[in-house]
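Report on one structure; see the data block that follows.
The values are calculated or read from the model by the stated rules, or taken from the named source; none is laboratory data. Note that this is a predicted model, so its numbers are computed, not measured. Cβ sites come from the backbone with ideal geometry, for glycine too, and all protein chains shown count toward neighbours.
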Amino acid sequence: MKHKTRLITKDDILVQLYKSDFIKDLIWTITSGNQLKEDLKSELFLILFEMDDRRILRAYNNNYLHYLCVNILKKQYHSKTSPFHKKFRWGGKVKDTEPFYQSESEWKYNSPLEIEPDTYVFPEELMEKIIWFVDNKLDLVDRELFKIYYKIGRYDRWLGDLRDTNCKKPISSLRKIENKLAITTIEGKKISIGYDTIGLSLKRSLMRIKYYLKKNELD
């Protein structure tokens, strides 16, 4: 007699996530080991448990649940207007910084050439559309550089089979990518894509993504 495989639920996903080293390492990185790291973890899972089940399952099945957590944690910890920041900033425990992220409308319409790629936090509600565009519309080199830099898909810093095990940051540095992609010729010389070229590729990709979202008014 065959047993039916039980479908994974939102609770299953969040319990697994709560116990994972990923969350522990991520919160430590974002807070630099601040004493409020456990409070931040509690805030994260309060938000996740209040989310619609379909939203969590969609993020899990489309492999951007980790990015969703990165986005939420950065917003909560760095923004002056976040619920977490309002709860704790008056005690002087959280550094009073400017908001790290942009609103969805700002993200879609501001010129990517005005802001360096490492300042972007993609709106989670647009991630499926962004990943689709990257996979289907970007040229091979731009697509792979984009994924390496933002650690998407096979380059995911915890789950990807092509991940960089030496870097737990949400994004790679241009120099790191340059060194990673360098090859050595028979003569012993190094050939690589220059970091400035990588930066231009990322900005070009961001510009194309923003134009696509703006043109189609994707909300």
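Per the conditions (1) without any contact (Cβ under 8 Å) to a residue 12 or more places away in the chain; (2) not in a helix (DSSP H, G or I), the sole criterion not satisfied by residue 34 is (1).
Which residue out of 40, 26, 68 is in contact with a Cys (Cβ under 9 Å, 6 or more places away or on another chain) and either buried (at least 19 other Cβ atoms within 10 Å of the Cβ) or within 17 Å of residue 157 (Cα to Cα) (or both)?
On the way: 40 fails: in contact with a Cys (Cβ under 9 Å, 6 or more places away or on another chain); 68 fails: in contact with a Cys (Cβ under 9 Å, 6 or more places away or on another chain).
On inspection, the qualifying residue turns out to be 26.
Does residue 136 count as surrounded by fewer than 17 Cβ atoms within 10 Å (Cβ to Cβ), at pLDDT 85 or above and either in contact with a His (Cβ under 7 Å, 6 or more places away or on another chain) or in a helix (DSSP H, G or I) (or both)? It is true that residue 136 is surrounded by fewer than 17 Cβ atoms within 10 Å (Cβ to Cβ), at pLDDT 85 or above and either in contact with a His (Cβ under 7 Å, 6 or more places away or on another chain) or in a helix (DSSP H, G or I) (or both).
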